[in-house]
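A.B. asks: Have a look at the structure that comes next, please.
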Amino acid sequence: MALVCIVTFLSLAHLLSAMPLHCELLLPQIPDNTTASKLLGKWFYIAGASQFPFHLLEMVLIDNGYLDVNPTEQEQELLINQHVTVGDKCLSSNSTYLEVSINNATLIKYAKNQRTMGKLMNSNSEEIFLIQYQMHKEKTYKGLYLYARNQNMSKTQLEEFRDRAKCLSLREEEIMYAPWQKELCQMKETKQTIP
C-alpha cells in the first residue's frame, strides 16, 4: 500500500512539473488612465534576455541601470530616459517612449522614427515592468527586459520573468542579471518632447 502511494505521488509530481506554461494567457498590458500614471517614475534594471548576440553582449557589460518614465504633452505618450553604468561610464539615452495605442496595448517606440520596438507585457505585480521586443535582421530575434521599482525581487517575480522568457523561446543561458556592483548613474534630468 505504501509503495502504491509513493508511486502515485511521484507520478503526480512529474505531471505537475511537466505542465505547460499557459503562454497564451500572458497578454500585452492593457493600461487605463491609472495604469499610465503608475508607469511614471524610476524603474531599476534587473535582467534581460535576448536571442540576438549583440544584445547579449550589451547585457553582460551593463552593471546597473534604470529607466525614468516621464509624462509628455501628449496624454498617450510617456518619455523614457534610460541610464546605465557600463564599466566606469554612465550612459544615458532618451530615444524611446511608451505609447498607448488605439487597441490599448502599450508600445515602446523609437522617438526618431516612431517605429515600434516592443511592448509592455502583463505582470502579476505592479512593482515590475516587463518589456518584450522583437528585432528583424536576417531572422526575427526576441528579447525581454525586467525592470522593478526596487532592486529586491521576490522569488515569484523572478519566476514570472523566467516563465515569460520561456514563452518567448528564450533559453536560460540567454538571461543576464545585472550585478549591481557599481554606484548608480546620477544624471541630470533633461526635458525633451517627442516629435
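A.B. asks: Kindly indicate which of Gly118, Gly143 is among the small types (Gly, Ala, Ser), more than 26 Å from Gln181 (Cβ to Cβ), in contact with a Gly (Cβ under 9 Å, 6 or more places away or on another chain) and not in a loop (DSSP other than H, G, I, E, B).
C.D. replies: Gly118
A.B. asks: Look through the stretch 71-100, keep the residues that are assigned to a strand (DSSP E or B), touching a residue at least 60 places away in the same chain (Cβ under 8 Å) and polar (S, T, N, Q), and return whichever of them is nearest to Tyr147 (Cα to Cα).
C.D. replies: Asn81
A.B. asks: Going through Lys89, Lys137, Lys112, Lys119 one at a time, which residue ends up being within 22 Å of Ser50 (Cβ to Cβ), touching a Ser or Thr at 6+ places or on another chain (Cβ under 9 Å) and surrounded by fewer than 12 Cβ atoms within 10 Å (Cβ to Cβ)?
C.D. replies: The unique qualifying residue is Lys112.
A.B. asks: Determine, yes or no, whether Leu120 is in contact (Cβ under 8 Å) with a residue 12 or more places away in the chain and either polar (S, T, N, Q) or within 18 Å of Lys109 (Cα to Cα) (or both).
C.D. replies: Against the criterion (in contact (Cβ under 8 Å) with a residue 12 or more places away in the chain and either polar (S, T, N, Q) or within 18 Å of Lys109 (Cα to Cα) (or both)), Leu120 qualifies.
A.B. asks: Would you mind telling me which numbered condition in (1) in contact with a Pro (Cβ under 9 Å, 6 or more places away or on another chain); (2) under 15 Å from Phe161 (Cα atoms); (3) not in a strand (DSSP E or B) Gln132 fails?
C.D. replies: Exception for Gln132: condition (3).
A.B. asks: Another one. So Ile194 clears everything in (1) modelled with pLDDT of 85 or more; (2) touching a strand residue (DSSP E or B) at 6+ places or on another chain (Cβ under 6 Å) except one condition, right? Which one?
C.D. replies: Status for Ile194: all satisfied but (1).
The values are calculated or read from the model by the stated rules, or taken from the named source; none is laboratory data. Here the structure is a predicted model, which means the values were calculated and not measured. Neighbour counts run over all protein chains shown; Cβ positions are idealised from the backbone, glycine included.
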